[in-house]
Structures are given as structure tokens and as C-alpha cells.
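Taking it in order: structure first as C-alpha cells, then the write-up.
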Amino acid sequence: MSNIKTICVIICTLLVVLLVKCSTVKKPSYQKVKTVSFELPYIPSTWGYFYEKDSLYFYTHNYPTYKNIDILNSKGKVLYSIDLSKQKAIIEMTKVEVHSLDSIFILTKNPSSLFVLNKNTKLQNKIAIDSLFFSKTEYTKEKVKHLQTLCYGNMIKKGNLLTNIFLMDTTFHTPENLYETRLYSNKYESKMPQFIYIKNIFETNSKILYNTSWVSKIIRKEDEDFNMMPFYVFLENKIIFCISHDRHIYFVNPEDLSFERKIPVFSDYTELEYKKPKITKEPPKTPYVYKAMYKGAIINVFNYQNENFVLVKHETPLPQKEEMISIPDPFSARYSVIIYDKQWKKQKEILLPEKEKFVAFLPNKQFITRSKTKNARQVTFNFYQIAE
């Protein structure tokens, strides 16, 4: 009889626990607002958005396959198609950023220049970045073998330009074997500027800040085989940077580009920091950069109304055979957003929809994802609202 009572007590306890859990199940962290689907005459490779008069616009391109930058409304209708073939100087694009219908920024390489166009493809302004760099820094055209601008992150804010830079001066030499070359390149890069920050780029009093050799020294040792470039973001009155395989966000003072502090980022769903391999005399069969693309990583950072949002891509399994390793399908990865308060204290982490590629953060705690389609020119956007 006592055994029966004991069993009854256990069953009742389990039922109570189950009922409590059911009653405290969290509501979904977000809800779908709408889905928009449309088709383009090309496979888009880049997406961005901007607001003008409270209206949402998208822009996209696949240059040089398709010579236009398309500006679409929130329903996917192409309103303007900026024909870049009319601008003969735009041969190789590094980055496109659209802030308004009359502020279309294009960063080019060889030579490095910043073009400003309007929606009718009319040239509004052009700045020769390489000439500006040589005239306002200690580096001259005679001392530099190669200069190239790269851009991983937002580029223009309030007339200030931020971009990565790859620079080789006349002291650079190539050692005899590959092993020594890789060691030397790491050591050389750790002493060179990693990015340039041009304040008031459209004014005659523009100023260039570039003394940032501490970047490589903090995130990579000279003997590490890890050639991933950091990406940079304007955030309120600060500049931050992140890099794959490093769980930290680094804060930079925009007045002199000095390092201020770093904070760790922890995800509930994936690892964000991995042991970086050392450079070996026998190079790996597959470049490590391909393997790194399968790891978990910080993808983007966004700020809105005293809250900070960190987008995280989760780790995906490597192919079973090494010869099959290539750039992974972005739709195969899972994403989540970590929300922080103004003081960067973690509030919660939201797991985003499965099999949907993250596209953009929007104001008012909204985000957009893209669903995979059989026709790569067919675009399906999903709009979501994060719950309070």
C-alpha cells in the first residue's frame, strides 16, 4: 500500500512540474510581419537598405556580371537602375553603400577612389583616395609598391570614410620559400596600417588617421595561419571591429584610432573562439580560410535606441572529404541575435528561423531574412518583428 502511495506522489509531482513548465513556456521571440517575393534579371550578390522620408528602400547588384545598381521599394519593385557602364572610371568596385536617392557611394580600387552618384547616374563628387593618402601621410607614391582599399563593414558616416587597407612599401621583399614568405608576411602586416579613417573626406581640411598596427598584434600572432580580415562598424560615437575566431568586440577611439577596450561575446548556441593553427613548413592541403568559414562567428553589429544587437552565425559541419571543402552555403547555417543593453550587458539571445539567410537589421527591432529558392534570381524576403 505504501508503494502505491509513493508512486501516486511521484506521478502527481511530475504532473505538477509538467503543468508549471507548460504554463511558463516562453512566447516566440519574434513574429513574421510579411513576406515579399520578386524576380531580378540577375543573381544578386550584395544587399543593403536605407530609409528616405520614412520609406524603406533596398539596393542590390552583381557587378561586374550586371553593370547596374538597382534600387527597389519595400515590395521588390525596381524604381531606379544606376547604369555604371556610363562611368568609365568605375572598373573594379570594392563597396557600394546607398544612403539616399542622391547619395550613392561607390568605393573602387586600381586606383582607389570614392564616387558619389545620384539616382540618375549623375556624378556628384569624386575623391581620389590614393592621392589623398599619399599627400596627407608619410607614405608617398615613390615609397609604396601597392595600395588597395578593401571594405568589410559600413563605409561612410557623417562625411567620414572608414575602410580596410592593404599596403606594401618598398621595404617589402619575398623570401625564398613559401614557409618563410608566410611568416614574413604576417610580421610585415603587423607593422602596417590595417585600415584608414578619413575625417571630413569631402572637405579641404580632411584628415587621415591610419596608425593602427596594434590591430594585428592583438588579434593574431605572427606565427598563426589565419588570414581573415577584421570588419569595422561605426557605432554611435565609436568604431568597433570584430574578426572570425575571436569572441570579442574591440572598441576604438575615433579621435586617434587608439584601442580602448574589448568585451567578450558568448552565444548560447555556438562556439565563437577557436584555436588558430600555426604556420607549418608543409602547407595544408586545404587553405585554413575555407575551414574557418564553417566555424561560428560574429557577422554584424547594430545599434538602435540604447540597445546593441550582435548577429552570430553558428558552426556548420565540415564536408566528410577534404577535397569537397569550399565556400559553404549561407542558407545551411543557423543564425541568432544577441541583444545587449547600452552598457553591453547581455539581455537575451534570439534564435532566428532555420534555413533562412540573414539579410539586414531594421530600426524598431525588425530584421529581414531571405529564403532559398530554386531559381537564384527569385528573391523571397521575410520581415520579422522582435517581441518586447
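The values are calculated or read from the model by the stated rules, or taken from the named source; none is laboratory data. Computed from a predicted model, the values in this text were never measured in an experiment. Note: ideal-geometry Cβ built from the backbone for every residue, glycine included; neighbour counts use all protein chains shown.
Within the stretch 319-365, how many residues turn out to be among the charged types (D, E, K, R), more than 16 Å from the chain's Cα centre (by Cα) and in a strand (DSSP E or B)?
4
Closer than 21 Å to SER45 by Cβ, crowded, with 17+ Cβ neighbours inside 10 Å and touching a strand residue (DSSP E or B) at 6+ places or on another chain (Cβ under 6 Å) - does that describe any residue in the stretch 336-355?
Among the residues of the stretch 336-355, not one is closer than 21 Å to SER45 by Cβ, crowded, with 17+ Cβ neighbours inside 10 Å and touching a strand residue (DSSP E or B) at 6+ places or on another chain (Cβ under 6 Å), which makes the answer no.
Name every residue in the stretch 121-131 that is closer than 19 Å to THR204 by Cα and either polar (S, T, N, Q) or outside any strand (DSSP E or B) (or both), in order of residue number.
Across the stretch 121-131, the qualifying residues are GLN124, ASN125, ILE129, ASP130, SER131.
Quick one: in the stretch 295-328, of everything that is over 25 Å from ILE263 (Cβ atoms) and surrounded by 15 or more Cβ atoms within 10 Å (Cβ to Cβ), which residue is modelled with the lowest pLDDT?
Restricting to residues being over 25 Å from ILE263 (Cβ atoms) and surrounded by 15 or more Cβ atoms within 10 Å (Cβ to Cβ), the top hit is ILE325.
Quick check: anything in the stretch 25-43 assigned to a loop (DSSP other than H, G, I, E, B), more than 20 Å from GLN124 (Cα to Cα), among the hydrophobic types (A, V, I, L, M, F, W, C) and without any contact (Cβ under 8 Å) to a residue 12 or more places away in the chain?
Yes, some residue in the stretch 25-43 is assigned to a loop (DSSP other than H, G, I, E, B), more than 20 Å from GLN124 (Cα to Cα), among the hydrophobic types (A, V, I, L, M, F, W, C) and without any contact (Cβ under 8 Å) to a residue 12 or more places away in the chain.
Any residue at all in the stretch 295-314 that's outside any strand (DSSP E or B), under 24 Å from TYR152 (Cβ atoms) and hydroxyl-bearing (Ser, Thr, Tyr)?
Looking only at the stretch 295-314, we keep the residues that are outside any strand (DSSP E or B), and these are 295-296, 305-306, 314.
Those still in the list that are under 24 Å from TYR152 (Cβ atoms) too: 295-296, 314.
From what's left, hydroxyl-bearing (Ser, Thr, Tyr): none.
No, every residue in the stretch 295-314 fails to be outside any strand (DSSP E or B), under 24 Å from TYR152 (Cβ atoms) and hydroxyl-bearing (Ser, Thr, Tyr).
Please name all residue pairs, on different chains or six or more residues apart, with Cβ atoms under 9 Å, provided the first residue is in the stretch 115-128 and is closer than 13 Å to ILE82 by Cα and at pLDDT below 95 and the second residue is of a type in the set (D, E, K, R) and buried (at least 17 other Cβ atoms within 10 Å of the Cβ).
none
Contact list please: Cβ distance under 7 Å, first residue in the stretch 330-348 and under 21 Å from GLN305 (Cβ atoms), second residue in a loop (DSSP other than H, G, I, E, B) and β-branched (Val, Ile, Thr), pairs at least six apart or on different chains.
Every condition considered, the pairs that remain are ILE338/VAL265.
Hey, can you tell me all the residues within the stretch 211-227 that are hydrophobic (A, V, I, L, M, F, W, C) and buried (at least 19 other Cβ atoms within 10 Å of the Cβ)?
Listed by number, the residues that qualify are VAL215, ILE219, PHE226.
Give ASN68, ASN3, ASN110 a once-over and let me know the one that is in contact with an Asp or Glu (Cβ under 8 Å, 6 or more places away or on another chain) and at pLDDT below 85. I'd like the intermediate steps shown before the answer.
Numbers: ASN68 fails: at pLDDT below 85; ASN3 fails: in contact with an Asp or Glu (Cβ under 8 Å, 6 or more places away or on another chain).
Exactly one of ASN68, ASN3, ASN110 is in contact with an Asp or Glu (Cβ under 8 Å, 6 or more places away or on another chain) and at pLDDT below 85, namely ASN110.
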